[in-house]
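What follows is a short report on a single structure.
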Amino acid sequence: MTAQPTDIATYNFAYLDEQTKRMIRRAILKGIAIPGYQVPFASREMPMPYGWGTGGVQVTASIIGPDDVLKVIDQGADDTTNAVSIRAFFKKVANVAVTTYTASATIIQTRHRIPEHPLTAGQVLVYQVPIPEPLRFLEPRETETRKMHALEEYGLMHVKLYEDIARHGRIATTYAYPVKVEGRYVMDPSPTPKFDNPKMHRSPALQLFGAGREKRIYAVPPFTEVVSLDFEDHPFEVQTFDQPCALCAAENVYLDEVILDDHGGHMFVCSDTDHCEKRREEGHRGHLAPEMMEPAR
Amino acid sequence: MPTPLVVSDVAKSFTMHLRDGIKLPVVAGVSFSIRAGECTVLGGPSGAGKSSILKMLYGNYAVDEGQIIVKHDDGLIDLATASPRTVLAIRRQTIGYVSQFLRTVPRVSALDVVAEPLVERGEDRESARGKARALLAQLNLPEKLWALPPATFSGGEQQRVNIARGFITEHPILLLDEPTASLDARNRDVVIELIAAKKATGVALLGIFHDHDVREAVADRIIDVTAFAPGKIAA
Amino acid sequence: MTDEPLLRVSALSKFYGSRVGCDNVSFDLWPGEVLAVVGESGSGKTTLLNCLSTRLLPSSGTASYRMRDGQFRELYRMSEAERRFLMRTDWGFVHQNPADGLRMTVSAGANVGERLMAVGDRHYGKIRATAVDWLSRVEIDEDRIDDEPRAFSGGMRQRLQIARNLVTGPRLVFMDEPTGGLDVSVQARLLDLLRGLVTDLGLAAIVVTHDLAVARLLSQRMMVMKDGRVVESGLTDGVLDDPRAPYTQLLVSSILQV
């Protein structure tokens, strides 16, 4: 891809130089070829601090083209600082179209959520990953964890779940819940709520994971088996909510608690803001939805 | 009468490397056999090598020369050259040993110390304990001591535990190293009874008894160990 | 008694450059046998143990292990995956320092259960029941099952390490100074426990120790090492009661009597 001069920035298209993109694409291809395997890559310094999604940004920058439509979400929201900034970044350095609508996006970069709207073939979900190594909690030696992955020694992963049950009576891990990919590699799905784990399983979309500080890329190709680890007598379960979204009345979606005042008032609303807005446009109403907001026709 | 153990031309010496390698000959030309259903006694003064002979027969002391042929497992084995594993098998099945002192193990009760040889030979623990109880009762060890580890027992009490441990099995050969040394008259008599019972079942016994009365009571034959003094051979 | 040994070691040597770790060590170990390897620091006993447990590769020599299917396998020709599998199923390794053999930041129950989970047990209730059983066998109260070993005394940690190793029913256990660094009374309890477990489970064990009393209590056979070489071997009571090599005589005569 050749550099596209714009009137705002004189960076190479999508910020990274072409050699870097080729290197990252090779890592991505290897990741796709070995689902769930953490491929090391030469992570670059990005114009934002580690922890702000440098891994995801590098993956997105390496796969994005001028015709792509980009959506960026942070904890499900399109309108938080991180999401707005990254969207603005790519608008500036790649001059691509951006959207908040899940179905319209070709690339969705996400921090810690999978959209509620089902993904389709041809879409790419790019995860920002802080700690790619699921075994690190119990085995800090990278030399050892790599060997454990190589030899498929995953007993330790269940030790973590055992500890949960011993301490809390149930598997209390609610995010970054470990999964086994295509019956082989155990993978950290990034700190998404375990509510989203079933969405990874046999997803028609390509899922890419980038960890900038840790310099690792991994991938789940479309229609890949993704199974959450569990015990026979403590099977994997997703979170359930005892009330629907206060704004759009959606059920079976992931809700965030929103504090309304300093008197203990609060409500539960969709974490996926796009999903919530679409539902309200379609006329769905939760018990706290503002009256004056007329459904769009 | 069968002879399950034959000793021929056995010699033993100690080389004291810490004292410029001086060699202390103990016995030489030891030759005898023991017979089933008999109690053979090694006689002679202290230092004549009685205990060393017994220890060689148990595979505890190494043998410099000669043979110790044991009938074991329907075959004949030379204990003097047998592998450690074979010696262990012989100790398990063929040769029992009552030492002079009990080697106590921390925290194991007297009852289990006695029952252990049977358990090691595959007997059920409860049935082994039953036999141990019977023997300890016969040896007049107060029942309140049975559950205690023998480390704190008196010399006589420990010795009775030791005797019970040695007599509980049905080894065809039994070596006795002064089993009555620290016993009172009543318990000496019990040991004499136990030895008689072993003889009656065809066990070949070989013992050292300093106590004249016990020796008179149990000995079928006395072997004078002074005959095996190393000097005699050399001369 | 089985007709074939469990482990056959032949002419095993390990050199660190020109320095001798252990030199030309050969022996057979049968099921249910406990072999003590004694000698002072630097005698090569730990090098030997590490070679046998495949934590270290020897410079030359062979060691074959009789697998559960009855076939002998050459240890140093196995793949690392096979060796590691052996290590966590059919073998145990009890370290002198329990922190080296335990996961200090997970509960006692998980420490015991880890090997079960590693071989595919996926039933929490059963894993926990097994852990409870093993904790009681090593005399740790059931109500400590969710405590981390960091909160345990040295003796308890060592007993926990033993339970963690024995839970998969190994046939061979390596022990490196298992009572080192413990108080005498704690040592006695541990020794007694080990002795009982070894007898009850019919374990074969190779115990490295510099403590001849430990060797006498635990082992039937003994090898005395000096400068990387075996200077004397035989029945434990034989070696201790009638030591023949000059070095063994020195060792035995150095025991303090109480």
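Some points to look at:
- Over 29 Å between alpha carbons, listed pairs B:71/B:199; A:147/C:14; B:144/C:126; B:71/B:131; A:92/A:215: B:144/C:126
- For segment C:189-258, the Cβ-based charge dipole about the Cα centre amounts to some 120 debye (Lys, Arg positive; Asp, Glu negative; other atoms uncharged).
- Within the shell defined by Cβ-Cβ distances under 14 Å, the residues around residue C:235 carry a net charge of +2, with Lys and Arg each +1 and Asp and Glu each -1.
- Residue range of chain C that is longest and free of GluC sites (Glu not before Pro) which are both DSSP loop and sparsely packed (at most 14 other C-beta within 10 Å): C:140-258
- Counting Lys and Arg as +1 and Asp and Glu as -1 over every other residue whose Cβ lies under 12 Å from the Cβ of residue A:137, the net charge comes to -2.
- Loop GluC sites (Glu not before Pro), segment A:198-296 (other Cβ atoms within 10 Å of the site Cβ: 12 or fewer; DSSP): A:232, A:237, A:251, A:282, A:291
- Segment C:9-92 - convex hull of the alpha-carbon atoms, volume per residue in Å³: 101 Å³
- Carbon plus sulfur fraction of accessible area for the protein assembly as shown, probe 1.4 Å, in percent: 51 percent
- Charge dipole (debye, nearest 20) of segment A:1-96; +1 at Cβ of Lys and Arg, -1 at Cβ of Asp and Glu: 340 debye
- Contact with the other protein chains removes 30 Å² or more of accessible area, compared with the isolated chain and a 1.4 Å probe, from these residues of segment C:1-31: C:1, C:30.
- Accessible surface buried once C binds A (1.4 Å probe; total of both sides; Å²): 1900 Å²
- Threshold 40 Å², segment C:188-230 residues less accessible with all protein chains present than alone (1.4 Å probe): C:192, C:195, C:216, C:217
- Accessible area buried between chains B and C, both sides summed, probe 1.4 Å, in Å² to nearest 100: 2300 Å²
- Under the span-like rule (Cα at least 15 Å along the axis, Kyte-Doolittle mean at least 0.0), DSSP H helices of chain A: A:81-94
- Angle in degrees between helix B:110-120 and the longest Cα principal axis of chain B, rounded to the nearest 10: 60 degrees
- In sequence order, segment B:31-41 has phi-based couplings of 9, 6, 9, 10, 10, 4, x, 10, 10, 9, 10 Hz under the Karplus curve 6.51 cos²θ - 1.76 cosθ + 1.60, θ = phi - 60°, and Gly or Pro positions carry x.
- Once the 1.4 Å probe is applied to the protein heavy atoms, segment C:1-126 comes out at 41 Å² accessible per residue.
- Neighbourhood charge, 14 Å Cβ-Cβ cut-off, centred on residue C:30 and excluding it, Lys, Arg +1 and Asp, Glu -1: +2
- Charge dipole (Cα centre; +1 on Lys/Arg Cβ, -1 on Asp/Glu Cβ; no other charges) of chain A amounts to roughly 1200 debye.
- With a 10 Å cut-off around each Cβ of A:158-171, the average count of Cβ atoms from other chains is 5.
- Degrees, to the nearest 10: B:84-93 long Cα axis against longest axis of chain B: 50 degrees
- Crossing angle, helix B:155-167 versus chain B [Cα axis fit, 0-90 degrees, rounded to tens]: 80 degrees
The values are calculated or read from the model by the stated rules, or taken from the named source; none is laboratory data. Just so we're clear, the structure is a prediction, and the values are computed from it rather than from any experiment. Backbone-built Cβ (ideal geometry, glycine too); neighbour counts: all protein chains shown. Just so you know, the surface numbers come from the protein's heavy atoms only, side chains and all, with ligands and any DNA or RNA stripped out. Shrake-Rupley method; radii C 1.70, N 1.55, O 1.52, S 1.80 Å.
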